[in-house]
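Visitor: Supplied in structure tokens, the structure appears directly below.
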Amino acid sequence: MGNASTLHLGLASCQYLETISLSINCFMDVVPTWLAKLPHLQWISLGTNNLVGSIPPELSNLTNLNILELSHANLKGEIPPQVGLMQELSTLNFEKNQLKGTIPPSLGNLSKLSYLYLDRNHFSGKVPTTLGRIATLKRLLLSKNKLEGNMDFLLALSNYRQLQDLVITNNYFTGTLPDHMGNLSTQLITFRASYNKLTGGIPATLSNLSSLNWIDHSNNLLTKEMPYSITTMENLVFLDISMNELLGTIPSQIGTFKSLERLFLQKNKFFGSIPNSIGNLSRLQYIDMSNNQFISALPTSVFHLDELIKLNLSHNSFGGALPDDVSMLSQIDQIDLSSNFLDGKIPGSIGEFKMLTYLNLSFNLFEGPIPNQLNNLTSLELLDLSSNDLSGTIPTFFANFTYLSTLNLSFNRLDGQIPKGGVFLNLTLQSLIGNVGLCGAPRIGFPPCLDKSHSSNKHLLKFQILIVIITFGGIAICLYLCIKKELKKREVKVYVDPTDGICNKIVSYHELLGATNSFSEYNILGSGSFGKVFKGQLSSGLVVAIKVLDMQLEKAIRSFDAECRVLRMVRHRNLIRILNTCSNLDFRALILQYMPNGSLETLIHQSENTTCLGFLERLGILLDVSMAMAYLHHEHHEVILHCDLKPSNVLFDEDMNVHVADFGIARLLQGDDNSMTYASMPGTVGYMAPGT
């Protein structure tokens, strides 16, 4: 630590001094003005110190200076306009200070400047178009400031025929990315514009920049579809357009990104399927397409990318089974396929991922036992298999995984002894809850396992079992005789669910218009506070109920979001199904199962000429509704409160099976038993209507 002024006596007299480099020290002083008295100086480097004060205007007297490096120096104030007089400057580095104000237009006079670093300060206002005069500029860094305005200044930058790096991230730029971006330097390697407020789409002309290998437009407000032309950029290595509102499908030509190593598309509105050509991206190391609206099965080619390190496809609607052989992902470190509709068995070949540290397959439809081949995943730090349909026992080898700190097996059908040691020493109830057959961990609420080694009461047990069998056999015969007549009335049907097809296609507004005769009043099934329900017949011939929301009501839009969120992941035979949705800025509709036998309200208030509900029928309806509520309250991974349970929301299909509907004001409870918080759309207080 020292005072830079103490160097004055020794250096001020060195009139022919050309270089002063005092960076990476602990000087605590102002930038000395005596530097301006050394006319032959060509290089000043005072960066990474703890200087105080501002940049002295007197430095503009150094007309032979080539490099002025004052980065990481805690400088304050504004850039003096006189800096524009330093005609020989090739590098101007003021990054990571506390400078403020606007960028002086006079910097455009630095005709020999190659590197301009103004990032990580507090500059505000617009980028001066005078910077476009600097034809020699190779690198322009403006990130992490408070700059604003539209992107018109990029037109001035088209004069930069040598520009290689353009970084404007973490500012307040607005407007669209202009088409004339394609006129920027063909030598441009990096263009980063993330964390701004840009709108519109990605310009198709961006593909003109043939040398570009890094595009980062994440965390903006971009919409529209990804242009097909962008797939022609064979030198692109890094593409990040995540955290936007981009929509449409992934271009089928995505396989032409021969050099691509990182692909980040998460948190957009992409839909459809992943093109099989993605398997041609042999250099791909990172894929994140989570939180979109993709459907269909996963292409097997994804599991042929032998350079892949991280794969995240969570929170989509992918279905079907995983390939049996996924072993080609030999470099994989993290896999997240959670919150989809994947089914079948977990491939045992996952056990060949020796470098895998993170595996999340939760909230899917996987079934069968946990594969024994997973015993090779000794590098695992996190394993989440919760909310599936897995059965069998918990493998004991999990207790031997040295690095495994997070294990979640909750809400499956696992049974038997809970292993001891290792990760199981610190497991809580939340990690195993929902597996009623588990035993052997009284510490967290599971009963002790029965000791099967003792056989002294073997004959007594057989005798007791025989008595139980005889007793229940008699009861079963009585019940059979009582319900035999009722069973004969029902026809056993084996059929393919006709609604399966609509779940995997896009339903347009025009198709709904035709299905309902232009939303005719003759097609109205009912109306409520947030909109109307129409009967419609789709082009496939399927008859559905179409719930159209009133877009003039803010609560209606929230109701649509709440109902989608609740019904997206619930699976119960007594809950209504959302078959599809149709949504844009001006129209939102839910496509639901059609219930031809109306509601419970209609049934209990029917005319005298119709047979009334008997006691057994009423009891059956109450049991079905209770089972649906029990599932929402106790079996689903999030506690769901219906908040509007009444006879008009209890519907009957063609076989008089009960379906609870209308989750428009449902509430989700999140948290543990000691700290419950509501996370829901606002609505009326729920009630149970009398008279049911």
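The values are calculated or read from the model by the stated rules, or taken from the named source; none is laboratory data. Not measured: the values here are computed from a predicted model. Every residue, glycine as well, gets a Cβ built from its backbone with ideal geometry; the counts of neighbours run over all protein chains shown.
Visitor: Can you name the condition, by its number, that SER290 falls short on among (1) surrounded by fewer than 20 Cβ atoms within 10 Å (Cβ to Cβ); (2) among the small types (Gly, Ala, Ser); (3) closer than 24 Å to LEU377 by Cβ?
Guide: Every condition holds for SER290 apart from (1).
Visitor: Here's another thing I want to ask about it. Which numbered condition in (1) in a loop (DSSP other than H, G, I, E, B); (2) farther than 29 Å from PRO323 by Cα; (3) not charged (D, E, K, R) is the only one that SER207 fails?
Guide: (1)
Visitor: Next question, about the same structure. Name the single residue, out of those in segment 241-266 being modelled with pLDDT of 95 or more and of a type in the set (S, T, N, Q), that is farthest from MET226 (Cα to Cα).
Guide: Only one residue fits best here, namely GLN266.
Visitor: Read through the list (1) at pLDDT 95 or above; (2) surrounded by fewer than 20 Cβ atoms within 10 Å (Cβ to Cβ), then give the number of the only condition that ASN220 fails.
Guide: If we test ASN220 against (1) at pLDDT 95 or above; (2) surrounded by fewer than 20 Cβ atoms within 10 Å (Cβ to Cβ), just (2) comes out false.
Visitor: Only one residue in SER54, SER71, SER60, SER106 is in a helix (DSSP H, G or I), on the phi < 0 side of the Ramachandran plot and in contact with a Gly (Cβ under 7 Å, 6 or more places away or on another chain). Which one?
Guide: Just a single option satisfies the conditions, and that option is SER106.
Visitor: Oh, and also: Among the numbered conditions (1) assigned to a loop (DSSP other than H, G, I, E, B); (2) buried (at least 19 other Cβ atoms within 10 Å of the Cβ), tell me where LEU579 comes up short.
Guide: (1) is the only condition that LEU579 fails.
Visitor: Kindly evaluate GLU148 against the criterion of being surrounded by fewer than 22 Cβ atoms within 10 Å (Cβ to Cβ) and not in a helix (DSSP H, G or I).
Guide: Details: surrounded by fewer than 22 Cβ atoms within 10 Å (Cβ to Cβ): yes; not in a helix (DSSP H, G or I): yes.
In short, yes.
This table checks each residue for (1) at pLDDT 85 or above; (2) at positive phi.
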{"site": "LEU590", "(1), (2)": "yes, no"}
{"site": "TYR594", "(1), (2)": "yes, no"}
{"site": "ALA630", "(1), (2)": "yes, no"}
{"site": "CYS643", "(1), (2)": "no, yes"}
{"site": "PHE652", "(1), (2)": "yes, no"}
{"site": "LEU669", "(1), (2)": "no, no"}
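Conditions (1) in a loop (DSSP other than H, G, I, E, B); (2) buried (at least 20 other Cβ atoms within 10 Å of the Cβ), marked per residue:
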| site | (1), (2) |
| --- | --- |
| ILE250 | yes, yes |
| SER277 | no, no |
| PHE303 | no, yes |
| GLU307 | yes, no |
| SER314 | yes, yes |
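Visitor: Which of the residues spanning segment 535-559 are in a strand (DSSP E or B), under 33 Å from the mean Cα position of the chain (by Cα) and of a type outside the set (Gly, Ala, Ser)?
Guide: Those that are in a strand (DSSP E or B), under 33 Å from the mean Cα position of the chain (by Cα) and of a type outside the set (Gly, Ala, Ser): VAL544, ILE546, LYS547, VAL548, LEU549.
Visitor: Let me ask another. Would you confirm whether or not segment 347-367 contains a residue that is within 23 Å of the chain's Cα centre (by Cα), charged (D, E, K, R) and assigned by the TED database to the domain that holds PRO299?
Guide: Checking segment 347-367: not a single residue is within 23 Å of the chain's Cα centre (by Cα), charged (D, E, K, R) and assigned by the TED database to the domain that holds PRO299.
Visitor: Sticking with this structure for a sec: Write out, first by first residue and then by second, each pair whose Cβ atoms fall under 6 Å of each other, whose residues are 6+ apart or on separate chains, and whose first residue, in segment 59-84, is in contact (Cβ under 8 Å) with a residue 24 or more places away in the chain and buried (at least 20 other Cβ atoms within 10 Å of the Cβ) while the second is assigned to a helix (DSSP H, G or I) and among the aliphatic types (A, V, I, L, M).
Guide: Every condition considered, the pairs that remain are LEU59/ALA36.
Visitor: Related question: Looking for something within 26 Å of GLY175 (Cβ to Cβ), of a type in the set (Val, Ile, Thr) and at pLDDT below 95 - is there at least one such residue anywhere in segment 298-307?
Guide: Initially, segment 298-307 is screened for residues within 26 Å of GLY175 (Cβ to Cβ), giving none.
No: segment 298-307 contains no residue that is within 26 Å of GLY175 (Cβ to Cβ), of a type in the set (Val, Ile, Thr) and at pLDDT below 95.
Visitor: Being under 13 Å from TYR594 (Cα atoms) and exposed (fewer than 13 other Cβ atoms within 10 Å of the Cβ) narrows it down to one residue among GLY536, GLY541; which is it?
Guide: On the way: GLY536 fails: exposed (fewer than 13 other Cβ atoms within 10 Å of the Cβ).
Testing whether each residue is under 13 Å from TYR594 (Cα atoms) and exposed (fewer than 13 other Cβ atoms within 10 Å of the Cβ) leaves just GLY541.
Visitor: Sticking with this structure for a sec: Within segment 411-432, can you find the residues that are buried (at least 19 other Cβ atoms within 10 Å of the Cβ) and in a loop (DSSP other than H, G, I, E, B)?
Guide: PHE411, ASN412, ILE418, PRO419, LEU427, LEU432
Conditions (1) among the hydrophobic types (A, V, I, L, M, F, W, C); (2) touching a Gly at 6+ places or on another chain (Cβ under 8 Å); (3) more than 25 Å from PHE153 (Cα to Cα); (4) surrounded by fewer than 18 Cβ atoms within 10 Å (Cβ to Cβ), marked per residue:
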| residue | (1), (2), (3), (4) |
| --- | --- |
| GLY201 | no, no, no, no |
| THR232 | no, no, yes, yes |
| LEU236 | yes, no, no, no |
| ILE241 | yes, no, no, no |
| LEU246 | yes, yes, no, no |
| ILE254 | yes, no, yes, no |
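Visitor: Restricting to segment 338-348, what's the tally of residues that are within 19 Å of SER379 (Cα to Cα) and surrounded by 20 or more Cβ atoms within 10 Å (Cβ to Cβ)?
Guide: Number of matching residues: 1.
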